[in-house]
Structures are given as structure tokens and as C-alpha cells.
Amino acid sequence: MGEKNFNILLKKYSFGGTLDTLSKFIPFADQYKININLIDLNINPKKNGGLLIRNIDDLNFIYNLKYNTLNILYKNKNIFKEQILFFIKTLCIKYKFFSLVIKFICLILSMNFEKAKNRYRKFFHAQNYIDGNYNQKNYNYLKKFKVLLKEGDFQKIYFNRKSFDIDKEIFFENTITKKKYVCMYVREKSYNLKHNFLKKKNDVIWYGIEDFKEGIYSIINKNLNIIDLSLFKSDTNIPQENYLNIRKNLSYKEIFSIVKNCELFLSTGGGGYEMAKIFKKPTLKVDHEYNIINNFDFSTEKDNIIFCKVFSRIKKRFLSIKEQFESLENLFPNIKYNLNFKFNHDDYEIIKNSNNEIKTLTDTYTFNEEQINEIRQNQTEIFNIKNFYLKKFLPDYFYLMNSNYPINPIINKKFFDDTKDFSDYLENDTVIYNQRKND
């Protein structure tokens, strides 16, 4: 083992990013019995947006979480040093004046222009932490610990992780939580419009309570209640004795307790969905970002997913799953070698799942291990089309430090059967969609 402490830089500008980083790398450190330093700064390192973070109500919510017997440190000399360095680099990114000051200091220390440039580059690009992103810097940091990661090792640690615990847990209880319940989170459009530096306008499909209403009824009919963590206004037509919207009324500590004790999670993805990963909850996921490159970023091996449909402007019809996986170079034309997953909106449209497809997911999901293994086996050939392409063009570190590969999630069986190949189902959807466009 190399380094003694594992430094994790928290993405405090992103609620979901913070939880995603914790759910993946704290179990990794625990696996190899490495103490953790959490580098926690309430600043936004992105070039756009203000310096201070103002978009999370309780910035210290993470201190309520604990994992196994792992020693997680929040204050020491090493953490303070990394905080100072990260703050200076952030100032250089956001404000040209500070960049010029540091460059001038490098010039004074080097007394040579070329040496000063090299000194500045070395300072600016040095990284002694992991921030959860898939890039060469983070992979190089992992290698400092002399851990030889083979393909699938990181995912195996992730799948075998424990649920986090909550320090001095606060239990929220009412008539709904006294019965078994499902937590639901749907990404809100209003949040991204308010925080526009997140730039999620084109590659996200927005859903509303109406899209999920039939799915909610389906869950209730299974003798499960619904706790909605979205910012929706409660719909009066949904039976209030079975449905509760609580996002605005409770602290994060109370919300965490609710998620920790739920049966499963229903979500589109987005920041709130990451709570399912923290507590290792199986998920019914209606993927709203067409996140096929990251294999739909699933929480457990039991997750059941459906995802957006793709309409080809050239063929004037919907593409099958097989056609999508065979067309990655056209769908994501900038993907080769640089992890640029920008979707080709000129030639294709991303269309959200129908109410009926969401209801089918909630009606027909399975967490039975034998059924899941059979479904996964039947879908492997299709997934291998995508995985072969990605492995050919993406850097090795994308797979070696990725919790979403090589094992794939399972696509809801009926959705897969209907859309694997071009079918009457997709033909009918095409006719309806073209008629709507022409009206």
C-alpha cells in the first residue's frame, strides 16, 4: 500500500455529485483499510457561477453520515493544506488577476520564463485527491495507493458495499411510514433553470407528476406507500393516505432517515437519486439523461431501468435499442478518446418515456435474483455491442475506475422486448409521433 490517507474532495457545488463521490470512494477506501481525509470547501470551482455555494440548504449534511468503522477525518494539517491549494487554483480559474499573480510569483522564484511556465503548470495540474470524475488525474491518484485495479474490481467493491449509517438518526414517522413505502425522486426543471451554470438544458428530459401518476397508482396497488422527495406540489387526485410529498418540510437528516428505511427507490436520476446509492437501495429508474455511456449509472445489481427513446430525423422513425448501440459514433460524434458525451441533437431527438412505459416498469419489475440473472443473460448480447465500441474508443481508466462496468443493469423485460429490434411497437410510436409533429 502506498499513501496512508485517502483524500476525497467533495463536490459541494453539487448535492448529487457529493453523494456519488462518497458512495463510490468511501467503500473503496474501506476495502483497503485506508483512512479518509474529506476536503470540504463551500466554493464553486466551475468557471461559471459565483465563488460561494448557495444552492444547497444544509451544506454540512454529509457530517451526519458514517460508514462501517472507517476513520473519516475532517480536520488536520494535510486537509488544511489541500484546502488552501484548491482555493488558490479555483481563484486562478475564475479570476484572471489571481492567475497572473501566481504566474508572477513563479517567475520571481524561477528567474527564467520557461522554468516559470513549467513551475506554474506543475502547480496548477498537480492533484493530491480524488473528486469522483472519470479522468486521468483521478486515476493517477488511485495508482498512488499501489492498488492494481483490473477491469471489474472497482464495480465489485461498489456492489459489495454496505449501506451508510446516520449519526444520531432522526426517525420521521407518520401514518404513511408505518407501512412499507417507496421513495420517489423526479428531477425538477425549476432547479436547473435557477442554477443555469449546471448547463443541463438540452440533454435532460423533464418529467412531471402527471408522467408518474399511473406508476404511483401501480406502486400503491402493491400495498406500498409513496414518499415523494421531489419539489412537486402534491396532486390532490392521488390518495393522500398513500402518498406524501415532504421535500420542503424536513431537514436532510430526516430525509436521509426516510430513504434509509424505504423498500426501494423510484427515480429519473438527478441529485436526489444519489441518496438511493448512499443507502444501497434497489431502484426503478426512468433514466432522464439518456445516460447510456455510463450504463445508466445504476445503484445495485437489482435495478430495473427504462430509458428515453431516440428519434432519427434522417430515418424519420424511432431507433431500436440495437440500432442505438450500433450508432454511438453518430449519436455522440465527439466521444472518441476525450469522454465528450454531447448528444447529436442535429440528427436525433431524445423523447421521454410514456406514462404507460413508466407504469409497465412499476407493474412488472422484479428483484428476484434468478429472474434478474436470466434477464441479464438475455440482454448481454445487445449490451456487448455498446460495450465493444466504448472499450475500443475510450481510455482504459474509464473502465478501471467505473462502478457501472463490466456488469450491466437490467432493462425492464417488456420495454426491452418491445424496443430491442425495430418492431410494431416502435412503428406505432413513430406514426403517432410524426402525426403530432405535423399537427
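Residues in segment 335-345: is at least one surrounded by fewer than 23 Cβ atoms within 10 Å (Cβ to Cβ) and either over 24 Å from ASN384 (Cβ atoms) or among the acidic types (Asp, Glu) (or both)? For segment 335-345, residues surrounded by fewer than 23 Cβ atoms within 10 Å (Cβ to Cβ) and either over 24 Å from ASN384 (Cβ atoms) or among the acidic types (Asp, Glu) (or both): present. Here ILE335 passes the criteria (1) over 24 Å from the mean Cα position of the chain (by Cα); (2) hydrophobic (A, V, I, L, M, F, W, C); (3) not in a helix (DSSP H, G or I) except the one numbered (1). Among residues of segment 235-282 being among the hydroxyl-bearing types (Ser, Thr, Tyr) and in a loop (DSSP other than H, G, I, E, B), the one that is surrounded by the fewest Cβ atoms within 10 Å (Cβ to Cβ) is THR236.
Could you tell me whether GLN324 is surrounded by fewer than 20 Cβ atoms within 10 Å (Cβ to Cβ) and not assigned by TED's automatic domain parsing to the domain that holds ASN68? No: the conditions fail for GLN324. Across segment 375-403, the qualifying residues are those that are among the aliphatic types (A, V, I, L, M) and out of contact with any Ser or Thr (no Cβ under 9 Å at 6 or more places or on another chain), and the one among them that is modelled with the lowest pLDDT is LEU390.
Here GLU427 fulfils each of the conditions (1) surrounded by 14 or more Cβ atoms within 10 Å (Cβ to Cβ); (2) at pLDDT 95 or above apart from (1). The single residue among ASN304, ASN356 that is surrounded by fewer than 20 Cβ atoms within 10 Å (Cβ to Cβ) and either closer than 30 Å to CYS262 by Cα or not assigned by TED's automatic domain parsing to the domain that holds GLU370 (or both) turns out to be ASN356. Scanning segment 286-327 for residues that are within 19 Å of PHE15 (Cα to Cα) and not in a loop (DSSP other than H, G, I, E, B) yields one hit, ASP287. On inspection, LYS103 does not qualify as of a type in the set (Lys, Arg), modelled with pLDDT under 95, more than 28 Å from the chain's Cα centre (by Cα) and surrounded by fewer than 16 Cβ atoms within 10 Å (Cβ to Cβ). Selection of segment 146-168 for residues being among the charged types (D, E, K, R) and assigned to a loop (DSSP other than H, G, I, E, B) yields LYS146, LYS150, GLU151, ARG161, LYS162, ASP167, LYS168. Scanning segment 176-207 for residues that are modelled with pLDDT under 85 and assigned to a loop (DSSP other than H, G, I, E, B) yields a count of 11. Scanning segment 12-40 for residues that are part of a loop (DSSP other than H, G, I, E, B) and either among the aliphatic types (A, V, I, L, M) or surrounded by fewer than 20 Cβ atoms within 10 Å (Cβ to Cβ) (or both) turns up TYR32, LYS33, ILE34, ASP40. Taking the criterion of being more than 30 Å from ALA29 (Cα to Cα) and among the basic types (Lys, Arg), the residues of segment 162-186 that qualify are LYS178, LYS179, LYS180. With respect to the stated conditions, ASN408 fails to be at pLDDT 90 or above, closer than 24 Å to THR300 by Cβ and in a helix (DSSP H, G or I).
The values are calculated or read from the model by the stated rules, or taken from the named source; none is laboratory data. Predicted model only: the values in this text are computed from it and were never measured. Cβ sites come from the backbone with ideal geometry, for glycine too, and all protein chains shown count toward neighbours.
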